[in-house]
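S.K.: Please find one structure pasted underneath; my questions will follow.
The values are calculated or read from the model by the stated rules, or taken from the named source; none is laboratory data. Only a predicted model underlies this, so the values are computations on that prediction, with no experimental measurement involved. So basically every Cβ, Gly included, is an ideal-geometry build from the backbone, and we count neighbours across all protein chains shown. These area figures cover heavy atoms from the full protein model, side chains too; ligands, DNA and RNA do not enter into them. Shrake-Rupley method; radii C 1.70, N 1.55, O 1.52, S 1.80 Å.
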Amino acid sequence: MNGIKVWRIALLLGAVGVAMLLVLAGLDTINIASAILFLAVALVAGWWESKRLAQWHAKAIEDAKNQTRAKLESAHSKSSMSGLKEVCMEAMPIWSKQIEASRSQTETAIMDLAARFAGISQKLEAAVRASQSAAGDLAGSGESGATAVLTQSRTELMGVLETLKAAQQSRNAMLESVRSLTSYTDELRTMAAEVAAIASQTNLLALNAAIEAARAGETGRGFAVVADEVRKLSTLSSDTGKKMSEKVGIINTSITDVFGVAELSSKNDMQSVAASESTIRLVLERFHEVTSQLSNSAELLQHESAGIGGEISEVLVALQFQDRTSQILAHVRKNLDNLHRHLAEKDTGIDARAWLAEMELTYATEEQRKIHRGADIGGAAAQEITFF
Amino acid sequence: MAKTILVVDDSASLRQVVSIALKGAGYEVIEACDGKDALSKLNGAKIHLIISDVNMPNMDGITFVKEAKKLPNYKFTPIIMLTTESQEGKKAEGQAAGAKAWVVKPFQPAQMLAAVSKLIMP
């Protein structure tokens, strides 16, 4: 409406101006031309002004629209804000408890793990120590060292062999002295033969004496009796001699028999001793093999255990992260609880900056500060020990 | 005779890990869960070294160090701080209170044991 009014005013002014001009200055060409120009200028000014007004109008309408919309929105958001508050009041304690549950469960599990790990590590150390000391004893030059045991075993076993051999030798010696008896029995045999010879000679003599006694007649009767007795004695001697020979024969046979048996068993003994000697050598060799294998595996175990020591260190470092995560979770929970309390007790708004600044004061780890500032956590920090 | 070390930290899992590392090296370990608890344990056996956290409830580590240094029997006991804090300001506080070293968690067992054997009372 205003725009049209402006048009009219402008046109009116223009028309008045033109009329006045024509009236005052007359109706010649120049005047008519300037009159037309005047009108044109008036028209343009009017058109421009009305356009500006229209813009202003439109803007005013737009502003009014926006204000209304904003009002509506804030009213709308106020109602959704109250819904948000309810959610927070209900959900925060739940969040808080769940965070605490997961923190404490992790803590319990990690502590159990650490305890078992410590147990395993101790047992491993004990086993390595035991094996090392056994191997050390074996390898060492002390009483229980492998070399010492081998030497001692060899000495003792060889000693046993020597005892056997000595026993054999004394038996052989005894056999030899038994065999030398046969020389005595030979002498006895000779002597028995001599006795037989003497007996037969005596017999002949007695026979002769008896013949001579018979030739002497009566005077020789006494002599004949003596001769008879001598013959009886010589027969007895001959018998005794024969018995002696027989006995000597029996003794000789016995000696030969005994000697034969002894020789056989002696041969067997020598074979056994030789077999024992080679068995002993074999046993000592196997013992040596076993002890050197044991020594090798102990060395290997020692090697491995040195590597394991490094692993154990790394595990102990890793187990410490439970403490860090626990602290971070505890802080989050405390913050949630604080916020919940604030919402429950005071219905005022919260200054976000002040709240965040207070949060920052409670931090204990670099990660928390970095996260707060929005920086990357990055890798684990290098080890720092500062001595004062 | 094994030497005794007092370990002060509110985290049970961390006390356990420190214990494992120390016991593995042959030390005896007494544990406390905060500054107050630690002070009560200081009236007992002879303690050759203390390892303490900084952020603990009831009594924090820095206060505990100051209190411990007031006790005649423990005036010269070396104290190592073991904490997640790495800010220079906190470290200066620890030094002023009388701590001998500041270790940032997590610690390397080998390094910790080296520091302990360097500082522990004979």
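S.K.: What pairs come up if the first residue lies in segment B:25-44 and is in contact (Cβ under 8 Å) with a residue 60 or more places away in the chain, the second is in a loop (DSSP other than H, G, I, E, B) and hydrophobic (A, V, I, L, M, F, W, C), and their beta carbons are under 9 Å apart, counting only those six or more places apart or on different chains?
M.R.: That search, which allows pairs on different chains as well, returns B:TYR27/B:ALA2; B:TYR27/B:ILE120.
S.K.: Now for a separate question. Of all residues in segment B:8-17, count the ones that are surrounded by fewer than 23 Cβ atoms within 10 Å (Cβ to Cβ) and either more than 12 Å from chain A (Cβ to nearest Cβ) or touching a strand residue (DSSP E or B) at 6+ places or on another chain (Cβ under 6 Å) (or both).
M.R.: Going through segment B:8-17 one residue at a time, the tally reaches 1.
S.K.: Go over the candidates A:VAL290, A:VAL317 one by one and state the one that is within 14 Å of another protein chain (Cβ to nearest Cβ), over 30 Å from A:SER177 (Cβ atoms) and β-branched (Val, Ile, Thr). Talk me through it step by step, then tell me what you get.
M.R.: Values: A:VAL290 fails: within 14 Å of another protein chain (Cβ to nearest Cβ).
Every option except A:VAL317 fails the conditions.
S.K.: Could you list, in sequence order, the residues of segment A:353-371 that are open to solvent by less than 50 Å² (accessible area, probe 1.4 Å), farther than 19 Å from B:ASP60 by Cα and touching a His at 6+ places or on another chain (Cβ under 8 Å)?
M.R.: A:GLN368
S.K.: Please work out which one of (1) within 14 Å of another protein chain (Cβ to nearest Cβ); (2) at pLDDT below 85 is the condition A:ALA330 fails and give its number.
M.R.: (2)
S.K.: Just wondering, is there one or more residues in segment B:49-56 that are surrounded by 16 or more Cβ atoms within 10 Å (Cβ to Cβ), among the acidic types (Asp, Glu) and touching a Gly at 6+ places or on another chain (Cβ under 9 Å)? Outline the logic, then answer.
M.R.: Residues of segment B:49-56 that are surrounded by 16 or more Cβ atoms within 10 Å (Cβ to Cβ), as a first pass: B:49-56.
Now restrict to residues that are among the acidic types (Asp, Glu): B:53.
Filter again for touching a Gly at 6+ places or on another chain (Cβ under 9 Å), leaving B:53.
Yes, the conditions are met somewhere in segment B:49-56.
S.K.: So, one more: Scanning segment A:82-126 for residues that are away from chain B (no Cβ under 14 Å) and among the β-branched types (Val, Ile, Thr), which turns out least open to solvent (accessible area, probe 1.4 Å)?
M.R.: Applying the filter and picking the extreme gives A:ILE99.
S.K.: What number of residues in segment B:79-114 are more than 7 Å from every other protein chain (Cβ to nearest Cβ), without any contact (Cβ under 8 Å) to a residue 24 or more places away in the chain and buried (at least 18 other Cβ atoms within 10 Å of the Cβ)?
M.R.: 0
S.K.: Also, I was wondering about something else. Does A:VAL195 satisfy the criteria of being surrounded by 13 or more Cβ atoms within 10 Å (Cβ to Cβ), among the β-branched types (Val, Ile, Thr) and within 57 Å of the chain's Cα centre (by Cα)?
M.R.: It is false that A:VAL195 is surrounded by 13 or more Cβ atoms within 10 Å (Cβ to Cβ), among the β-branched types (Val, Ile, Thr) and within 57 Å of the chain's Cα centre (by Cα).
S.K.: Quick check, is B:ALA68 closer than 16 Å to B:LEU119 by Cβ, touching a Phe, Trp or Tyr at 6+ places or on another chain (Cβ under 6 Å) and more than 10 Å from chain A (Cβ to nearest Cβ)?
M.R.: Criteria met by B:ALA68.
S.K.: Further question on the same structure: Out of curiosity, is A:THR325 closer than 30 Å to A:ALA118 by Cα, modelled with pLDDT of 85 or more and surrounded by 14 or more Cβ atoms within 10 Å (Cβ to Cβ)? Step through it out loud before you land on a result.
M.R.: On the way: closer than 30 Å to A:ALA118 by Cα: yes; modelled with pLDDT of 85 or more: yes; surrounded by 14 or more Cβ atoms within 10 Å (Cβ to Cβ): yes.
When the stated conditions are applied, A:THR325 passes them.
S.K.: Would you pick out the residues in segment A:83-100 that are of a type outside the set (Asp, Glu) and in contact (Cβ under 8 Å) with a residue 60 or more places away in the chain?
M.R.: Matches in segment A:83-100: A:LYS85, A:CYS88, A:MET89, A:MET92, A:PRO93, A:TRP95, A:SER96, A:ILE99.
S.K.: How many residues, within segment A:26-44, are of a type outside the set (Asp, Glu) and open to solvent by 50 Å² or more (accessible area, probe 1.4 Å)? Even if it seems obvious, please write down each step before you answer.
M.R.: Taking segment A:26-44 as the starting set, the residues that turn out to be of a type outside the set (Asp, Glu) are A:26-27, A:29-44.
From what's left, open to solvent by 50 Å² or more (accessible area, probe 1.4 Å): A:27, A:29-30, A:32-33, A:36-39, A:41, A:43-44.
Total satisfying the criteria: 12.
This table checks each residue for (1) of a type outside the set (S, T, N, Q); (2) out of contact with any Lys or Arg (no Cβ under 7 Å at 6 or more places or on another chain).
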| position | (1), (2) |
| --- | --- |
| A:LEU188 | yes, yes |
| A:ALA206 | yes, no |
| A:GLY217 | yes, yes |
| A:ALA224 | yes, yes |
| A:ALA227 | yes, yes |
| A:ARG231 | yes, yes |
| A:SER237 | no, yes |
